[in-house]
């Protein structure tokens, strides 16, 4: 039965993911590597639970990449994109051209025909959107400058897929056709056969239509569907829209990923953005996982066993070439110290588009069976190695860099007893640090953004560049002698991690923390850390105070009202914390956190009437009594 | 055993010597609760329900503070304004404090002679304390004579230590109900209840 087979496969894939990903995460390897290992284990070379259909699964799962780009598009407003144009076209363009050129040269040296060498160069110049973006979001690097630059490059590469797809058939006709047993040529879209200018016209037309629909029609359709109140219909519509866009783009020879990305950007400022994001997110996660598993399962170990050294050499050579090009470009484009390595390691693997491009080239008789098999293996292995490269960067390269950049300061720290460690010196930490410094308290300030470090040092602040999540960094900062650790950094997940480590290893150090939202506060309370401030509660309350004054409250009245509200907030927080403890297992998705917070806070508030603390200043009961006595 | 609530107020605790020593001499006593107002309400935002509950849980209420401008530091006044509500502390139905005892414990730079009709300050300590005494009376409380530390600027550590010992004895006696009311009516200061051989 076909159905049974489907469910059996689903069981194997899902089971593998559920078992291996948590283990990989516990070991600090990240989910991508976990999925890849799961794929290898269930694949034809270890447990043989899945066989040839792994390729099909991969094609299906490639849709996860499409969904991912849609979600990324949703988070990027057009304005932001315009700001990034220099890094997209400059950095991204140069990366593709230079890398492709060098790889072509190497391929020529290996006696490939010129046209094949060019094809190989173009195909291998691309990096894996799926792996890199998954890693970026998992490590909270999307806002980091290296992460941003990496994203720009990926964006350019996604666009580059279109002309490459168009070029490959032309390149194929320039040389002698490869000897292929399978000669069926599957066109990937009828448009691809049309002349270049017409193709361009159709592409521009399609994008215009997409933008117009997204801008003007989508909103009404979403509202109509949302009004039905049936969530599953909304889910269906969201998927329908993404799949429709992907198929439409595919038909005209555009990369579906790029098409849905544009759709996402168009919808980025619509009011349904969050709803769309939450709806698509689980599908994206699952399909991407599936994609990585199928990559793992598809590794052809036979080829590897036949010629292990050649393959390994090729993989290392590929990574080396890409890494060096990226590193140099990172320098040229002035990435901050230390970040160019992260940037280069992030993008040093080959792309999942390579799978598509390689099979397309094979169809166009550009590569023979042997070449395409080998290329596929090299691509897959480079992808599998890439999470390891990042671990290598984290554990080996960046500590060395950090030490090298801060050699003197480190020595300083070791000699000194510092009562307070302040982690994160951005907008938030700056205020905390200034208060302490103004009162003559010595502070060891850690920050991972070197631009801040340098500016502030100029003004006499004592700052150190480093990543506090690294245990050695904490030790060097003098955690053993510290009295306080103030977590003022914006990377909330990292801050929690640090808090947990310090709680365990250095229980004498008091921890004070900045929290993102109320759930983050709860997580700290759970670690027994109760000096926690929500990063914007007090400033927002002060602005509310100003509003009351503008509305005619006397200043002291407004002050008392605001202060009473703050007091009341503490009680509400306590109540919500108790609720939260009761159903702690509940997962709250990032995008839903705020909605949840609003709901729960207002709910809890219903049970409290704000206690009128100032009744003694104007007592009706006293007046009544006085009147009676008269 | 009576329960004693110390309403302690010193805006510059780190500079305080006398009040700090006195407070530290009694804070570990059973049945004594030290309510450090500036520490608890640095922005004067007094939690009225909490304070009222504390009052109902104790039998003797003591305002302990330096004597600023012939009165108490500002937070004590704020505390009185907000906590001693009509309908709670006074008024026809305000009987929460009825029958409890009230006392002041103060430190002042002036010697005792200065606080007299002939002296520079023209009035006695008990005259200056009239607002406290009458407030307690309005709340249907019994007044105790004040515990006073005079000449605070010229005391050395040994002198302060003696005052602290006396204060501890007074508080212990009050707690254990070892003071007879006849004796009370003859005393100007609570200090007199401790007999010193000298």
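The values are calculated or read from the model by the stated rules, or taken from the named source; none is laboratory data. Owing to the predicted nature of the structure, the values given are computational and were not obtained by experimental measurement. Every residue, glycine as well, gets a Cβ built from its backbone with ideal geometry; the counts of neighbours run over all protein chains shown.
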Legend entry - Members of segment A:228-248 that are buried (at least 18 other Cβ atoms within 10 Å of the Cβ) and closer than 16 Å to residue A:73 by Cα: A:238, A:241, A:242, A:245, A:246
Inset, instruction - Given the conditions (1) away from chain A (no Cβ under 14 Å); (2) surrounded by fewer than 19 Cβ atoms within 10 Å (Cβ to Cβ); (3) in a helix (DSSP H, G or I), report the number of the one that residue B:75 does not fulfil. - result: (2)
Inset, instruction - Give, as residue ranges, the helices (runs of 4 or more DSSP H) completely inside segment A:264-368 that count at least 2 residues that are crowded, with 23+ Cβ neighbours inside 10 Å and at positive phi. - result: none
Inset, instruction - Return a yes/no flag: does segment B:37-46 have any residue that is buried (at least 19 other Cβ atoms within 10 Å of the Cβ), over 18 Å from residue B:133 (Cα atoms) and away from every other protein chain (no Cβ under 14 Å). - result: yes
Legend entry - Wholly within segment B:104-198, helices (runs of 4 or more DSSP H) carrying at least 3 residues that are farther than 28 Å from residue B:30 by Cα: B:125-128, B:130-138
Inset, instruction - Would you be able to tell me the number of residues in segment B:125-139 that are farther than 21 Å from residue B:78 by Cα and in contact (Cβ under 8 Å) with a residue 12 or more places away in the chain? - result: 2
Legend entry - residue B:4, sole failed condition from (1) more than 14 Å from chain A (Cβ to nearest Cβ); (2) surrounded by 18 or more Cβ atoms within 10 Å (Cβ to Cβ); (3) without any contact (Cβ under 8 Å) to a residue 60 or more places away in the chain: (3)
Legend entry - Candidates A:60, A:89, filtered to the one that is surrounded by fewer than 22 Cβ atoms within 10 Å (Cβ to Cβ) and at pLDDT 75 or above: A:89
Inset, instruction - Specify the residue that is surrounded by the fewest Cβ atoms within 10 Å (Cβ to Cβ); the eligible residues are those in segment B:186-196 that are at pLDDT 85 or above and either more than 13 Å from residue B:126 (Cα to Cα) or more than 18 Å from the chain's Cα centre (by Cα) (or both). - result: B:186
Inset, instruction - Test residue A:206 against the criterion of being without any contact (Cβ under 8 Å) to a residue 24 or more places away in the chain and out of contact with any helix residue (DSSP H, G or I) (no Cβ under 6 Å at 6 or more places or on another chain), and give yes or no. - result: no
Inset, instruction - Look through segment B:61-72, keep the residues that are touching a strand residue (DSSP E or B) at 6+ places or on another chain (Cβ under 7 Å) and not in a loop (DSSP other than H, G, I, E, B), and return whichever of them is farthest from the other protein chains (Cβ to nearest Cβ). - result: B:66
Legend entry - The listed residue being closer than 25 Å to residue B:5 by Cβ and either touching a residue at least 60 places away in the same chain (Cβ under 8 Å) or surrounded by fewer than 20 Cβ atoms within 10 Å (Cβ to Cβ) (or both), out of B:164, B:117: B:164
Inset, instruction - Could you identify the single residue in B:18, B:26 that is over 22 Å from residue B:140 (Cβ atoms), modelled with pLDDT under 95, buried (at least 17 other Cβ atoms within 10 Å of the Cβ) and away from chain A (no Cβ under 14 Å)? - result: B:18
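Does at least one position in segment B:52-60 carry a residue that is within 14 Å of chain A (Cβ to nearest Cβ) and buried (at least 18 other Cβ atoms within 10 Å of the Cβ)?
Looking through segment B:52-60, at least one residue is within 14 Å of chain A (Cβ to nearest Cβ) and buried (at least 18 other Cβ atoms within 10 Å of the Cβ).
Just to be sure I understand, how many residues within segment B:91-108 are free of Cβ contacts under 8 Å to residues at least 24 places away in the same chain and either away from chain A (no Cβ under 13 Å) or out of contact with any helix residue (DSSP H, G or I) (no Cβ under 7 Å at 6 or more places or on another chain) (or both)?
If we filter segment B:91-108 for residues that are free of Cβ contacts under 8 Å to residues at least 24 places away in the same chain, which is where we start, we get B:91-93.
Those still in the list that are either away from chain A (no Cβ under 13 Å) or out of contact with any helix residue (DSSP H, G or I) (no Cβ under 7 Å at 6 or more places or on another chain) (or both) too: B:93.
Here the count works out to 1.
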Inset, instruction - Filter segment B:78-90 down to residues that are crowded, with 20+ Cβ neighbours inside 10 Å and under 30 Å from residue B:16 (Cα atoms) and give me whichever is farthest from the other protein chains (Cβ to nearest Cβ). - result: B:79
